[in-house]
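Novice: Mind having a look at this structure? Questions to follow.
The values are calculated or read from the model by the stated rules, or taken from the named source; none is laboratory data. Please read all numbers here as calculations on a predicted model, not as lab measurements. Cβ placement follows ideal geometry from the backbone for every residue including glycine, while neighbour counts extend to all protein chains displayed. The area values use the complete protein model at the heavy-atom level, side chains included, leaving out ligands, DNA and RNA. Shrake-Rupley method; radii C 1.70, N 1.55, O 1.52, S 1.80 Å.
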Amino acid sequence: MKLDVFTLFPEHFEWFIAQRHVRNVLEAGSELRLIDYRETTPLSAGQVDDTPYGGGAGMVMRVDVVDAALEAAYGSERDGVRIVALTPGGRLFDERLAAELAAEPHLALLSGRYEGLDERVVEHLAEDAVSIGRYVLSGGELPAMVISDAVLRKLPGALGDERSAVEESFSEALEGAPEYPQYTRPVEYRGWGVPDVLASGDHAKVREWRLERSRERARSEQS
Ligand code: ADE
């Protein structure tokens with residue numbers, strides 16, 4: 001997969017790209033590019049934003065600046081690229097959307113800063129607007145990292161043990177439900193034990209117990 005993150009702060013991603021699972025995916029052939037809007041802005045003095053029409057506080061990322069960055073990266077033919085704008089009001093990001101994006105050969109995440117992106121970015125340049133939650137962050141960098149993390153860990157080579165991603169929270173193997181509780185040694189700590197069935201060695205019973213706990217968690221989330 002090719003993953004391009006458009007940002008005003010590429011240096012914010014240094015920590016992220018140093019993570020083991022991210023390095024694994026990149027070594028396995030995927031690509032992650034950090035593209036700085038300022039490098040291609042058509043405005044003078046590195047300007048990328050402007051005051052909002054209609055008034056109000058803060059600055060808005062300009063549509064011509066975002067378009068220039070996309071043009072420099074892809075030209076005007078952007079058919080093969082799934083371009084996603086990051087905005088607090090967009091489609092809520094979840095495991096299903098992570099899987100959908102992980103299946104894309106080429107994904108671009110557009111982060112905004114200040115008061116966000118000019119709406120014409122969402123309407124005309126991006127295919128979707130995605131939100132990581134109904135709260136406002138100071139920019140799209142953290143959302144871009146959240147989405148990149150959830151997407152990249154689904155790609156081959158990300159995790160030491162490929163099975164970890166198959167049966168985890170919200171996976172098909174768990175019928176979309178949260179993961180069952182996990183335990184490790186010691187078998188007893190301060191009087192808090194591990195459910196007997198897990199140490200029983202009866203794989204069918206363990207499976208049944210786990211699925212039931214997972215369904216239980218799904219039910220309690222709904223209520
Ligand atoms: N930019 C600012 N806040 C955001 C959020 N919650 N999700 C996506 N992008 C954002």
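Novice: Spot the failing condition for His203; the list is (1) surrounded by 12 or more Cβ atoms within 10 Å (Cβ to Cβ); (2) at pLDDT 95 or above, and only one is missed.
Specialist: The one condition His203 does not meet is (1).
Novice: Another question about this same structure. Conditions: (1) touching a residue at least 12 places away in the same chain (Cβ under 8 Å); (2) of a type in the set (A, V, I, L, M, F, W, C); (3) more than 26 Å from Ala99 (Cβ to Cβ). Trp192 meets all but one. Number of the miss?
Specialist: Condition not satisfied by Trp192: (1).
Novice: Continuing with the same structure: Counting just the residues of the range 136-154 that are of a type in the set (A, V, I, L, M) and in contact with a strand residue (DSSP E or B) (Cβ under 9 Å, 6 or more places away or on another chain), which one comes out farthest from the ligand (Cβ to nearest atom)?
Specialist: Residues of the range 136-154 that are of a type in the set (A, V, I, L, M), as a first pass: 136-137, 142, 144-147, 150-152.
Those left that are additionally in contact with a strand residue (DSSP E or B) (Cβ under 9 Å, 6 or more places away or on another chain): 136-137, 144-145, 147, 151-152.
Details: Val136: 5, Leu137: 4, Ala144: 8, Met145: 11, Ile147: 8, Val151: 14, Leu152: 17 Å.
My answer is Leu152.
Novice: Is there a residue being within 14 Å of the ligand (Cβ to nearest atom) and either open to solvent by 50 Å² or more (accessible area, probe 1.4 Å) or under 22 Å from the mean Cα position of the chain (by Cα) (or both) anywhere in the range 74-85?
Specialist: yes
Novice: Out of all the residues in the range 132-144, is one or more within 11 Å of the chain's Cα centre (by Cα) and open to solvent by 70 Å² or more (accessible area, probe 1.4 Å)?
Specialist: yes
Novice: I would also like to ask the following. Of the conditions (1) out of contact with any Ser or Thr (no Cβ under 9 Å at 6 or more places or on another chain); (2) of a type in the set (A, V, I, L, M); (3) modelled with pLDDT of 95 or more, Ala57 satisfies every one except a single condition; which number is it?
Specialist: The number of the failed condition is (3).
Novice: Name the residue that is farthest from Tyr74 (Cα to Cα), counting only residues in the range 118-128 that are hydrophobic (A, V, I, L, M, F, W, C) and open to solvent by 20 Å² or more (accessible area, probe 1.4 Å).
Specialist: Per the stated criteria, the residue is Val122.
Novice: Let me ask another. Need pairs with beta-carbon distance below 6 Å; first residue at pLDDT 95 or above and within the range 67-79, second surrounded by 16 or more Cβ atoms within 10 Å (Cβ to Cβ) and of a type in the set (Phe, Trp, Tyr); sequence gap 6+ or separate chains.
Specialist: Partner pairs satisfying both residue conditions: Ala69/Phe6; Ala69/Tyr37.
Novice: For Glu127, all conditions in the list (1) within 28 Å of Leu211 (Cβ to Cβ); (2) within 16 Å of the ligand (Cβ to nearest atom) hold save one; what is the number of the exception?
Specialist: It is condition (1) that Glu127 fails.
Novice: Among the candidates Ala57, Ala45, Ala108, single out the residue that is among the small types (Gly, Ala, Ser) and within 20 Å of Val136 (Cα to Cα).
Specialist: Values: Ala45 fails: within 20 Å of Val136 (Cα to Cα); Ala108 fails: within 20 Å of Val136 (Cα to Cα).
Matching residue, one of Ala57, Ala45, Ala108: Ala57.
Novice: Could you say which residue among Gly89, Gly133, Gly157 is within 16 Å of the ligand (Cβ to nearest atom), in a loop (DSSP other than H, G, I, E, B) and not aliphatic (A, V, I, L, M)?
Specialist: None of the others qualify; the one that does is Gly133.
Novice: Looking at the range 111-121 only, could you name the residues that are within 11 Å of the ligand (Cβ to nearest atom) and not small (Gly, Ala, Ser)?
Specialist: If the condition is that a residue be within 11 Å of the ligand (Cβ to nearest atom) and not small (Gly, Ala, Ser), then Arg113, Tyr114, Glu115, Leu117 are the ones that fit.
Novice: Which residue is farthest from the ligand (Cβ to nearest atom), if the candidates are limited to the range 92-110 and must be open to solvent by 10 Å² or more (accessible area, probe 1.4 Å) and assigned to a strand (DSSP E or B)?
Specialist: My answer is His106.
Novice: Pairs only if they're at least six apart or on different chains, beta carbon under 9 angstrom, first in the range 127-151 and polar (S, T, N, Q), second more than 8 Å from the ligand (Cβ to nearest atom) and in a loop (DSSP other than H, G, I, E, B); list them, first residue then second.
Specialist: Here the result reads Ser138/Tyr114, each pair linking the range 127-151 to a residue that is more than 8 Å from the ligand (Cβ to nearest atom) and in a loop (DSSP other than H, G, I, E, B).
Novice: Can I ask one more? Answer with yes or no whether Glu115 is part of a loop (DSSP other than H, G, I, E, B), touching a residue at least 12 places away in the same chain (Cβ under 8 Å) and either open to solvent by less than 100 Å² (accessible area, probe 1.4 Å) or farther than 27 Å from Asp50 by Cα (or both).
Specialist: So Glu115 does not fit the description; no.
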